[in-house]
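Here's the structure we're looking at; comments come further down.
The values are calculated or read from the model by the stated rules, or taken from the named source; none is laboratory data. If you're wondering where the values come from, they're calculated on a predicted model, not measured in any experiment. No Cβ is skipped: glycine too gets one built from the backbone with ideal geometry, and neighbour counts run over all protein chains shown. These area figures cover heavy atoms from the full protein model, side chains too; ligands, DNA and RNA do not enter into them. Shrake-Rupley method; radii C 1.70, N 1.55, O 1.52, S 1.80 Å.
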Amino acid sequence: MKVTIASRNPKSSKFPITLELPGTAATLHATDINKALAAKFPVYYPERQRLTTSDKKPLETDKTLQELGIDETTTIYFKDLGPQIGWRTVFLIEYAGPLFIHPIFYYCSKWIYGNAVHHSDMQKWTYYLVLAHFLKRELETLWVHRFSHGTMPFRNVFKNSAHYWLLSGVNLAFWVYGPWFGQGKNLAIRNDVWLFGCVAVWAWAEISNLITHITLRNLRPPGTRVRAIPYGYGFDLVSCPNYFFEFVAWTAICFLTTSWSAFLFNIVATGQMYVWAIKKHKNYRKEFKEYPRNRKAMFPFIA
């Protein structure tokens, strides 16, 4: 079968081209076009390609060309997405930042603040909770998450990492572990109910977050991009309980520290998660006619 491919870039000198594929529209899949194009132009490996028809909708890789309405008269349009990096690698890089940055500020206070800081109980607990949070994230990335998209543009790793390395890394660590929150300072005084109440809420939220991640993982068989309606703990109320529990965990750290830097990170992170939650919520309702109508996007009973 012959397939004609044009470029979305009108200045491209490589396109249009015609590829000869061994098979028919009934037996060939979109992935066969990806592979054939990569064989002709190795720089455009499959993850770097975006193939669409005239309606600009990306070709569904699990469908045959016949199911996609593609024949030898159809023109397929190619867009170069640029160098790619795996989502799993991106996540590992993002979460590694705070794991390295917080110990530096916690143990090297003499060189950062001019004097060694005798850490208060609040600072100690915050340090352990932050490290536990990002270590959990790393382990989930390795052993729990199954990604619907394999890669993302390489340039995005810098933008994504800045959020964690700067806001929850340098900014949070500098202000929370400073001498103004040290042992004996008024700003660091927390009664046991306040201290351990925040720790308990954080622990509940982190465990709940893990449960929802496992639920999402079990929806998608290994090596597939299958989508299904999630049910169970948290999902009866919202479409993205993992985001809600993440918000609760960081809110607990906000009240534990009472530092503006923690509130800043939580506000920015929650805002971004809410945008993602709204998008996922709309996609669920659009894709599944039987999707529960009483669910909210991220915040139970609210939005």
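Observations, loosely collected:
- Close Cβ contacts (under 8 Å, 6 or more residues apart or on different chains) running from residues in the range 34-46 that are free of Cβ contacts under 8 Å to residues at least 40 places away in the same chain to residues that are basic (K, R) comprise F41/K14; P46/K35.
- Close contacts from the range 182-194, counting a first residue that is within 20 Å of A252 (Cα to Cα) and among the β-branched types (V, I, T) and a second that is open to solvent by 90 Å² or more (accessible area, probe 1.4 Å) and assigned to a loop (DSSP other than H, G, I, E, B), with Cβ to Cβ under 6 Å and a gap of 6+ residues or different chains, come to none at all.
- Test: F263 is without any contact (Cβ under 8 Å) to a residue 12 or more places away in the chain, surrounded by 13 or more Cβ atoms within 10 Å (Cβ to Cβ) and in contact with a helix residue (DSSP H, G or I) (Cβ under 7 Å, 6 or more places away or on another chain): yes
- The set of residues in the range 26-70 that are more than 28 Å from the chain's Cα centre (by Cα), β-branched (V, I, T) and closer than 19 Å to G150 by Cβ contains only I33.
For (1) more than 25 Å from A203 (Cα to Cα); (2) in a loop (DSSP other than H, G, I, E, B), each residue gets a yes or a no:
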residue: P230; (1), (2): no, yes
residue: D236; (1), (2): no, yes
residue: A249; (1), (2): no, no
residue: E290; (1), (2): yes, yes
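- W204 being over 20 Å from A249 (Cβ atoms), part of a helix (DSSP H, G or I) and more than 19 Å from the chain's Cα centre (by Cα): no
- Pairs with Cβ under 9 Å, 6+ apart, first in the range 150-170 and over 26 Å from L131 (Cβ atoms) and polar (S, T, N, Q), second open to solvent by less than 60 Å² (accessible area, probe 1.4 Å) and in a helix (DSSP H, G or I): T151/R48; T151/V90
- Residue that is farthest from F247 (Cα to Cα) [pool: residues in the range 286-303 that are over 21 Å from the mean Cα position of the chain (by Cα) and surrounded by 12 or more Cβ atoms within 10 Å (Cβ to Cβ)]: F288
- When the range 112-163 is limited to residues that are basic (K, R) and at pLDDT 95 or above, the one that is most open to solvent (accessible area, probe 1.4 Å) turns out to be K124.
- Condition check for R88: open to solvent by less than 70 Å² (accessible area, probe 1.4 Å) and under 21 Å from the mean Cα position of the chain (by Cα): no
- Within the range 225-248, the set of residues being β-branched (V, I, T) and open to solvent by 50 Å² or more (accessible area, probe 1.4 Å) comprises just one member, V226.
- Residue among K63, K35, K79, K56 that alone is over 21 Å from V226 (Cα atoms), at pLDDT below 90 and among the basic types (K, R): K56
- In the range 11-22, the condition of being in contact (Cβ under 8 Å) with a residue 24 or more places away in the chain, out of contact with any Leu (no Cβ under 7 Å at 6 or more places or on another chain), more than 30 Å from K136 (Cβ to Cβ) and open to solvent by 50 Å² or more (accessible area, probe 1.4 Å) is met by at least one residue.
- For the range 38-57, the tally of residues that are open to solvent by 60 Å² or more (accessible area, probe 1.4 Å) and outside any helix (DSSP H, G or I) stands at 8.
- Residues satisfying the stated conditions in the range 183-207, i.e. open to solvent by less than 40 Å² (accessible area, probe 1.4 Å) and of a type in the set (F, W, Y): W202
- Residue list for the range 91-111, filter: hydrophobic (A, V, I, L, M, F, W, C), open to solvent by 60 Å² or more (accessible area, probe 1.4 Å) and farther than 15 Å from Y127 by Cβ: I93, W111
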